Every structure is written in C-alpha cells, then in structure tokens.
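Taking it in order: structure first as structure tokens, then the write-up.
The values are calculated or read from the model by the stated rules, or taken from the named source; none is laboratory data. Fair warning: this is a prediction, and the values are worked out from it, not measured in the lab. Note: ideal-geometry Cβ built from the backbone for every residue, glycine included; neighbour counts use all protein chains shown.
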Amino acid sequence: MSNLLHLSEHTLQEVALVLMATVYYLRIRWFLKWPLGKERQPATGLGDTNPKKGERYSLGLIAKPWAMESTRSKPFMYAQFVVFHLGVVASITLSFIIPYGPGLLTSSMFVSVIQVLVGAACIVGVMRIIRRISNPYIRAISSPDDHFSLILLTSWFAFAFLAAPNDISGGEGIMLTYFLLTAFFLMYVPFSKISHYLYYPFTRTYLGRHFGRRGVFPIRRKPAYQVSK
Amino acid sequence: MSSTKNERSYKAQKVIDRMGQKLTRQMVGSLTACVHCGMCTDSCHYVLANPGDPTFAPAYKADRIRRLFKRHYDWTGKVFPKWVKAGSVFTDEELQELKDIVFGKCTNCRRCTVNCPMGVDLATFNRMARGLLCYVGIMPEGVEYVAKEQWEIGNQMGVLKEDYVETIEWQEEELQSEMEDPTAKIPIDKPDSNIVYVINPREIKHDPRSILDAAKIFYAAGEDYTMPSEGWDMTNFGLFNGDDELGGAVAGRVYDKVDELRGKKLVISECGHGYRSTRCEDTSKRER
Ligand code: SF4
Ligand code: SF4
C-alpha cells in the first residue's frame, strides 16, 4: 500500500471526522440557542394522547410507511428511501472496515452484502438524479446543493461498490478515489442538506409533542366514540 | 417606500429584523431540515387544484420564506447564498409578492406537515411570515380592513355597542312573541351566569335569526346564560394575518368579559375558526 493510500485511509479520514464533528457541534449549539416556542393553547383532544405519546409516534413514523398518506400512496418512493439510506450506512461502515477490520472483507459473503447494499443505493441515486432533473416539481425546489449532494452520494456508492473487495492488486486508483470521496463527503455533509438527519430528531420530537398535546398524534384510526380516554 | 436593489426599503428591513425576533427553535428546525424530497407535494390542495404549476408545491412556497432565513440567519446562506438558494428582499414590491404566496397560496392547513417525513411544519413559519408582513402593513385588503375593525372597534364588522344591544333587544322581543312569553329574556351582562354566550359579528350585522335560534334553545333548556355587551366577538383575524398581538387582544377581550361577569362557562356560536382561535390565541395563560 502506498503512503498516499495509507494517509487517505487513516489520517485524512480522522481529520475529516474531527472537522465534521466540530461543525456538527457548532450547528447544534447554534440551533439550541434559538428559543423554544411556547404552546399557546391549552391541551386539546379526546384525552387518549399526550405530548409524550405524540413524540414517540412522531419519531416512529419513519418506520411506518402505512401511517402517512405520502408514503402509503408511494410505496416505491419509500422503498427507495430505505435502500438509499441503507447504502449510506453500508458505505460509511465500509470506510471503517477497510482500515480497521479488513479481515471481515475476506468473507465473500460479507463483501456481497456490502456490494448489494451500495449497488442498490447507487441505482436509486441515479433514479433520483433523473427524477430531480426531469420532474418539474422537484426541479423547481432543487438548489445546487440538492443536485450536488445527490451526485456526490451516487458516485460515492459506485466507488464503494468497487472498493468493497479491498483488492488493490490491479492498482490503488479505485480505493484512493473512494477514500478521497469519503473524506470530502464527511467534510461537506455538515454544510449541506445531507446533514438533515441532525435535525430530524428535533423536528420530529417537537412536532410530535405539539400534535400529541393537541390530540392529533398518534393519528386515530377509529371513530372518536370508540376511543377510551 | 420602494428602493433600488442595493439599498433595502424601510419595510423590507423591518421584516428581516423582526424575523430574528419571531423565529423559534421549532421554526428553525423546519427551515433547516427540508431535504426537497417533494413527498409533501401531492398533499397540498393548491397543487391538486393547479395541476402543472410547481409554484404551488409546499416546499416551493416554503422556500420563499426559507431563502430569507438562510440569507440572514443561517450562516450556510450567508457564506454560500447561491448554493443553498438563499436570498433577500429589498423592495416593497418583493414584499407584495411574498404576501401573495403566504396569504394567497397557503391556508396553513398542515396537510403537508403531516405528510412530511422530516416533520417540516410549513404552516408555523408561514404564519410567522404573515405576521412579519402584517407588522409593516402588508396584507390582503380584506384582512387588513377587518383586522383594523377588531383593533379599533372591538369586533370584525365594526358594530357599535348601541347597535349590538339594540339588535339583541329586538331579538328578545321576537323571542317573547314566538314563545308567547313576555318574560322571556336574552340577558345582557348578567353576572354569575352559568354560560356566557359569544357570537360572530355576522349574526348581529347580517342575520340575527341565529341569535334568536340560540335564545330559543337556551329558553327551552331553562339555561342561566348571558350575552356580554363587550368582548362578544369570538372571531379572530389575528389567526389569519399572523398578528400575535391582535390574536391575543381579541381572544383576551372575550375571556376578560367572562372573568368580569364571573361566568362559569364560555359558549361560542357557529364559526369556522372561532372556537380554535379563542382557545389558542389568548396569551394570558389564564385557566380555561
Ligand atoms: S417539506 Fe418535507 S416532504 Fe416537503 S420537500 Fe421538504 S422534506 Fe420533503
Ligand atoms: S399548509 Fe396546507 S395549504 Fe399550505 S402548503 Fe401545506 S398543504 Fe398546502
């Protein structure tokens, strides 16, 4: 292994991670400085829910595609979401396995699992790029960051797919590109919309608390007269 | 006052400054977390009613407000404005355009909110944007007129106290004749009643028969109730123009009168928004 590859697998990733963590810390600190909005109306609803129940329901919605009309009526989009995010997890995990636990990659089964995950995510990424460009509604709401983030992730998946066997016998180009992309990705994320997951627990908790207090969450699937208080 | 692109109009500057005072963490979360996935698009009735026009998409409308937030309150937008579609307002004409979006293209119904995987709540910051524009006197003409009446006269149709009282007395006479009971009453400002009954000014101004109908029900039920001579308007245009102060003042007047009359319960007549606004716009934190 060349020094350059060693550097990009280790030092570069560590620097990128520290940078990412620092910017995340600053972002969260900035976010938490905003005053929490107060509820103005008294608690409402049938009494069968409360802010805590609302929070739990709201946070769990992501795993319940049947609960929201948008995901219920677009199961294919929901499946894409799952595949895409599993790909992110797989690719990030791979960037740790290669330098710190390469033994795992001697199992062809394990390599195949990683490749299926990132390969499927890459296909979804391409589909999403096409959708972002061709769907007038999505195009109208897209920023350069939206386009760039998607292209970045999709290319990153492609290189993760190629890097998964951890074989540099044919040259270090692929591995080097994968780790450079990973480092760039880690440093870019906090500045881009990819960092949405940082806010996700907050937005969902606040919304759940609010709707729980108003008797809206958990959404009721039976008539009010059948609800026990 | 309008201005050129480089210098900001007085109103535009006020809107930007006030935004910083009105933002809450919940709003900032919603302004920051949108991933532009478009999952909320079909949930908006405006989108369904205007097929093929992406400017009605919730995220598109939200971005008209979001761009200001990013440009002035989020450093990603300060450092890379074009990259994250951040932008500002400079002229009163631009504020008018924003008005057409926040008042005219969104009802704050929250269907997009409950369909957003990220939990982005457009309605909350759309209301804030309405309030910012209202603060500098920019809002739809009808809303402006009605809000002014609520501020100045105390009810949205500018009904004077003597006209209100006269109309109730007229309905009381109708009640006596229909019930064939000369003692039947529509009590005004009767202290210690079980119910304080408040109404929509439309009933006084355009169709007082609904007051008579309610009076008949109270009569038949033998209810101990009263109508207040002031603080009787349960409609609330603070809910619509985003003016928190107006919202609090109008709802507060109703509760103040209930307290003054030592009424036990507040009953609100038919209205599309009156119940909700009376319940939630009052900021006094009193028990109710
Ligand atoms: S508001 Fe929510 S559903 Fe709509 S585009 Fe943004 S993240 Fe997606
Ligand atoms: S709050 Fe309602 S009207 Fe406004 S954008 Fe969302 S769905 Fe459309």
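Assorted remarks:
- Within the stretch B:55-105, the set of residues being β-branched (Val, Ile, Thr) and either within 16 Å of ligand 2 (Cβ to nearest atom) or in contact with a helix residue (DSSP H, G or I) (Cβ under 7 Å, 6 or more places away or on another chain) (or both) comprises B:Thr55, B:Ile65, B:Thr76, B:Val84, B:Val89, B:Thr91, B:Ile101, B:Val102.
- A:Gly45 closer than 22 Å to A:Gln226 by Cβ and within 13 Å of chain B (Cβ to nearest Cβ): yes
- B:Ala62 meets the stated requirement of being within 12 Å of ligand 1 (Cβ to nearest atom) and either within 11 Å of chain A (Cβ to nearest Cβ) or assigned to a helix (DSSP H, G or I) (or both).
- Condition met for A:Leu186 (crowded, with 18+ Cβ neighbours inside 10 Å, aliphatic (A, V, I, L, M), in contact with a Lys or Arg (Cβ under 9 Å, 6 or more places away or on another chain) and touching a residue at least 24 places away in the same chain (Cβ under 8 Å)): no
- Scanning the stretch B:29-52 for residues that are more than 14 Å from ligand 2 (Cβ to nearest atom), more than 17 Å from B:Ser88 (Cα to Cα) and surrounded by 17 or more Cβ atoms within 10 Å (Cβ to Cβ) returns B:Gly29, B:Ala33, B:Val35, B:His36, B:Cys37.
- Residue ID - surrounded by the fewest Cβ atoms within 10 Å (Cβ to Cβ), chosen from residues in the stretch B:229-288 that are closer than 22 Å to B:Asp192 by Cβ, of a type in the set (Gly, Ala, Ser) and within 14 Å of another protein chain (Cβ to nearest Cβ): B:Ser284
- Only one of B:Ile186, B:Ile199, B:Ile211 that is more than 17 Å from B:Val254 (Cα to Cα), modelled with pLDDT of 95 or more and under 25 Å from the mean Cα position of the chain (by Cα): B:Ile211
- Restricting attention to the stretch B:74-102, the residues being on the phi < 0 side of the Ramachandran plot, surrounded by 19 or more Cβ atoms within 10 Å (Cβ to Cβ) and either within 12 Å of chain A (Cβ to nearest Cβ) or in contact with a Cys (Cβ under 7 Å, 6 or more places away or on another chain) (or both) number 5.
- Checked against (1) in a helix (DSSP H, G or I); (2) within 11 Å of chain A (Cβ to nearest Cβ); (3) crowded, with 21+ Cβ neighbours inside 10 Å, B:Ala129 passes all but condition (2).
- Residue within the stretch A:203-212 that is within 14 Å of another protein chain (Cβ to nearest Cβ) and surrounded by fewer than 15 Cβ atoms within 10 Å (Cβ to Cβ) present: no
- Candidates are the residues of the stretch A:131-154 that are within 19 Å of the chain's Cα centre (by Cα) and assigned to a loop (DSSP other than H, G, I, E, B); the one that is nearest to the other protein chains (Cβ to nearest Cβ) is A:Ser143.
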